[in-house]
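Worksheet for the structure shown next.
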Amino acid sequence: MHFNSYAALKHNYLFVSLSIPDTQIKTIETSILDENSSILNNEKLWQTTENYFFNAGCLAIKVPSVIVPDEFNVIINPLLPEMSKLKITNMQPITIDPRLFNVY
């Protein structure tokens, strides 16, 4: 989770677990990325992701995390009719540590 301002921390958020059919997820392997894959604005990753979303019509793309090595994030394309194949399996409130509000 990333926030651009402390004001965003004052909203109520949920962790939402989804079930997505494996056939609807395209995995982008870390091997396609260059050695600078940890750069947050990775052009090759952006181009590859856009290609799958707009040309291949993928519902979900599993991409390497640039923050946590050996982890992935799943990006969902909400514009496809296959969105109906997603199922919410769990929702849980997020508790934000109140000490974060005491920033000087």
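The values are calculated or read from the model by the stated rules, or taken from the named source; none is laboratory data. These numbers come from a predicted model, not from an experiment. Note: ideal-geometry Cβ built from the backbone for every residue, glycine included; neighbour counts use all protein chains shown.
Please determine whether any residue of the stretch 14-25 is out of contact with any strand residue (DSSP E or B) (no Cβ under 7 Å at 6 or more places or on another chain), aliphatic (A, V, I, L, M), modelled with pLDDT of 70 or more and under 30 Å from ASN102 (Cα atoms).
no
Take the residues of the stretch 34-50 that are at pLDDT 75 or above and surrounded by 13 or more Cβ atoms within 10 Å (Cβ to Cβ): which is farthest from PRO81 (Cα to Cα)?
Ranking the candidates gives THR48 first.
Specify the residue that is nearest to ALA8 (Cα to Cα); the eligible residues are those in the stretch 79-102 that are of a type in the set (A, V, I, L, M, F, W, C) and surrounded by 15 or more Cβ atoms within 10 Å (Cβ to Cβ). Break it down into steps so the answer makes sense when it comes.
Residues of the stretch 79-102 of a type in the set (A, V, I, L, M, F, W, C): 79-80, 83, 86, 88, 91, 94, 96, 100-101.
Still in the list and also surrounded by 15 or more Cβ atoms within 10 Å (Cβ to Cβ): 80, 86, 96.
Working: LEU80: 29, LEU86: 27, ILE96: 11 Å.
That would be ILE96.
Filter the stretch 38-97 down to the residues that are in contact (Cβ under 8 Å) with a residue 60 or more places away in the chain and of a type outside the set (A, V, I, L, M, F, W, C), then identify the one that is nearest to THR23 (Cα to Cα).
Our first condition is that a residue be in contact (Cβ under 8 Å) with a residue 60 or more places away in the chain; within the stretch 38-97, this holds for 85-94, 96.
Next, from what is left, pick out any that are of a type outside the set (A, V, I, L, M, F, W, C): 85, 87, 89-90, 92-93.
Working: LYS85: 11, LYS87: 14, THR89: 18, ASN90: 21, GLN92: 26, PRO93: 29 Å.
Top of the filtered list is LYS85.
Would you be able to say whether some residue in the stretch 56-78 is surrounded by fewer than 13 Cβ atoms within 10 Å (Cβ to Cβ), assigned to a helix (DSSP H, G or I) and either out of contact with any Asp or Glu (no Cβ under 8 Å at 6 or more places or on another chain) or modelled with pLDDT under 75 (or both)?
Within the stretch 56-78, one or more residues are surrounded by fewer than 13 Cβ atoms within 10 Å (Cβ to Cβ), assigned to a helix (DSSP H, G or I) and either out of contact with any Asp or Glu (no Cβ under 8 Å at 6 or more places or on another chain) or modelled with pLDDT under 75 (or both).
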